[in-house]
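Asker: Pasting a structure below so you can have a look.
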Amino acid sequence: MSTKTLTLENFESTVSAPGIVLVDFWAAWCAPCRMFAPVFEAAAAEHPDITFGKVDTEAERELAARAAITSIPTLMAFRDGILVFAQPGALPAPALEDLVSKVRELDMDEVRRKVAEHEASTAAS
């Protein structure tokens, strides 16, 4: 599967869908972004059950701002609509594969419980 171009219009519906979504925030002028692109594309081909999205931060400045992107490349992982990973920097292929494995292994009932606890504690303060 190839990567999907994400925009302000389709970002929320894409990352909130069931399953795993990996998002690469990048820009054409960014050398580390250009080095990471083939790694991301290869992972997309290797894992057709995962949505691999790319956000061009130059074309989608408002989306990048809403996502609080301060450094590129930044990789985010969503599972069942929940942000479970966000980190700036290009990952080598083995690290990206490790991330995919870890996101697959997540106990989403536990993740939802922790999110609910965090939201409850934030609301109480």
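The values are calculated or read from the model by the stated rules, or taken from the named source; none is laboratory data. All values reported here derive from a predicted model rather than from experimental measurement. Cβ: placed from backbone, ideal geometry, glycine included. Neighbour counts: every protein chain shown.
Asker: Can you tell me how many residues within the range 106-125 are in a loop (DSSP other than H, G, I, E, B) and either in contact with a Leu (Cβ under 7 Å, 6 or more places away or on another chain) or over 21 Å from Ala17 (Cα atoms) (or both)?
Answerer: The qualifying residues number 1.
Asker: What's the total number of residues in the range 63-80 that are surrounded by fewer than 18 Cβ atoms within 10 Å (Cβ to Cβ) and in contact with a helix residue (DSSP H, G or I) (Cβ under 7 Å, 6 or more places away or on another chain)?
Answerer: First, pick out the residues of the range 63-80 that are surrounded by fewer than 18 Cβ atoms within 10 Å (Cβ to Cβ): 65-66, 68, 70-71, 80.
Narrowing the set further to residues that are in contact with a helix residue (DSSP H, G or I) (Cβ under 7 Å, 6 or more places away or on another chain) leaves 80.
Adding up the residues that qualify gives 1.
Asker: Could I ask something else about it? Among (1) farther than 18 Å from Ser16 by Cβ; (2) modelled with pLDDT of 95 or more; (3) not in a strand (DSSP E or B), which single condition is Val103 missing?
Answerer: The failed condition is (1).
Asker: Looking at Val15, Val84, which one is within 11 Å of the chain's Cα centre (by Cα) and in contact (Cβ under 8 Å) with a residue 60 or more places away in the chain?
Answerer: Details: Val84 fails: in contact (Cβ under 8 Å) with a residue 60 or more places away in the chain.
Going through Val15, Val84 in turn, just one is within 11 Å of the chain's Cα centre (by Cα) and in contact (Cβ under 8 Å) with a residue 60 or more places away in the chain: Val15.
Asker: Another question, then. Within the range 60-74, count every residue that is within 12 Å of the chain's Cα centre (by Cα) and not small (Gly, Ala, Ser).
Answerer: Residues meeting the conditions: 3.
Asker: Let me ask something additional. Among the residues of the range 88-111, are any under 27 Å from Glu9 (Cβ atoms), basic (Lys, Arg) and in contact (Cβ under 8 Å) with a residue 40 or more places away in the chain?
Answerer: There is no residue in the range 88-111 that is under 27 Å from Glu9 (Cβ atoms), basic (Lys, Arg) and in contact (Cβ under 8 Å) with a residue 40 or more places away in the chain.
Asker: Considering the range 70-91 alone, what residues qualify as being among the charged types (D, E, K, R) and not in a strand (DSSP E or B)? Can you show your working first?
Answerer: Here is the first cut: in the range 70-91, the residues among the charged types (D, E, K, R) are 79-80.
The one that is among the charged types (D, E, K, R) and not in a strand (DSSP E or B): Asp80.
Asker: Do you know which residues across the range 8-50 are among the β-branched types (Val, Ile, Thr) and out of contact with any strand residue (DSSP E or B) (no Cβ under 8 Å at 6 or more places or on another chain)?
Answerer: As a first pass, look at the range 8-50 and keep what is among the β-branched types (Val, Ile, Thr): 14-15, 20-21, 23, 39, 50.
Val39, the sole residue that qualifies.
Asker: Would you confirm whether any residue within the range 51-62 is out of contact with any strand residue (DSSP E or B) (no Cβ under 8 Å at 6 or more places or on another chain), crowded, with 19+ Cβ neighbours inside 10 Å, modelled with pLDDT of 95 or more and not in a strand (DSSP E or B)? Lay out the reasoning, then the answer.
Answerer: We begin by selecting, within the range 51-62, every residue out of contact with any strand residue (DSSP E or B) (no Cβ under 8 Å at 6 or more places or on another chain); these are 58-62.
Right, trim to crowded, with 19+ Cβ neighbours inside 10 Å and you get 60.
Right, trim to modelled with pLDDT of 95 or more and you get 60.
Now restrict to residues that are not in a strand (DSSP E or B): 60.
Yes; the residues of the range 51-62 include at least one that is out of contact with any strand residue (DSSP E or B) (no Cβ under 8 Å at 6 or more places or on another chain), crowded, with 19+ Cβ neighbours inside 10 Å, modelled with pLDDT of 95 or more and not in a strand (DSSP E or B).
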